[in-house]
Amino acid sequence: GTRLPTTKSKGGAVRRKFKVSEAVLLVYSEHKINNIKPMTLWSVYSMFKSILNANENVNIIKFTKLIPYLKRKSVGYRPKKSRILTKEEIERFLQEAPDDRFLIERVILIIGVCGALRRDELLKKTIDDIEVKKTVNTVLYPSSY
């Protein structure tokens, strides 16, 4: 039989080189990425498209069976939507939640909402970012993290 050429990776593992084809990508898709969510599937497709175009000069957009296959994998998928608090729910929480139980949550909510912080920005906040004065408390917001 015909042997495929091999290369050694930095870790010493032997990798077989193969000609990139639609059949290879369909087999890979069927066996390796069968249990991932469709949004991730399309991200993987996009990554393959970029890498194969740049490194192998292969344009997978021309593969006529790949996109319909990916679309079939996405049928019936409903993305999970995060629940968003309403303005009324936030106001009710700030007014009614007892300080002895929810003080830190209320402070974090106020800092996050008033500062229009994203989740990762809020997580990066430290006690050093808060200046406490007699009449006013200041939360520092660096221009970037």
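No lab work stands behind these numbers, since they all come straight from the coordinates. In this text, all values refer to a predicted model and were calculated from it rather than measured experimentally. Cβ coordinates were reconstructed from backbone atoms using ideal geometry, including for glycine residues, and neighbour counts include every protein chain displayed.
Here the simple spin-label model places points 7 Å from the Cα toward Cβ, and for ASN57 and ILE108 these points are separated by 5.4 nm. Distances between placed amide hydrogens fall under 5 Å for VAL20 paired with no residue 5 or more residues away or on another chain.
When the listed pairs LYS37/LYS125; LYS49/LYS81; LYS37/LYS124; LYS37/LYS87; LYS49/LYS73; LYS49/LYS71 are checked against a 25 Å cut-off, the alpha-carbon distance exceeds it for LYS37/LYS125; LYS49/LYS81; LYS37/LYS124; LYS37/LYS87. With a cut-off of 15 Å between beta carbons, the residues surrounding ALA97 carry a summed charge of -4, where Lys and Arg count +1 and Asp and Glu -1.
Electrostatic bookkeeping for LYS73 treats Lys and Arg as +1 and Asp and Glu as -1; over the other residues with beta carbon under 10 Å from its beta carbon, the sum is +2. Modelled spin labels at THR86 and TYR28, positioned 7 Å past Cα toward Cβ, are 4.8 nm from each other.
For a paramagnetic label modelled at 7 Å from the Cα of SER43 toward its Cβ, which residues of region 115-134 fall within the zone defined by backbone nitrogen distances under 18 Å? Within reach of a label on SER43: 119-121. Between beta-carbons, use under 11 Å as the cut-off and find the net charge around TYR45, counting Lys and Arg +1, Asp and Glu -1. Computed value for this residue: +3. Ranking LEU123, ILE108, GLN95 by Cα position along the charge dipole of region 87-130, where only Lys, Arg, Asp and Glu carry charges on their C-beta atoms, puts LEU123 farthest toward the positive end.
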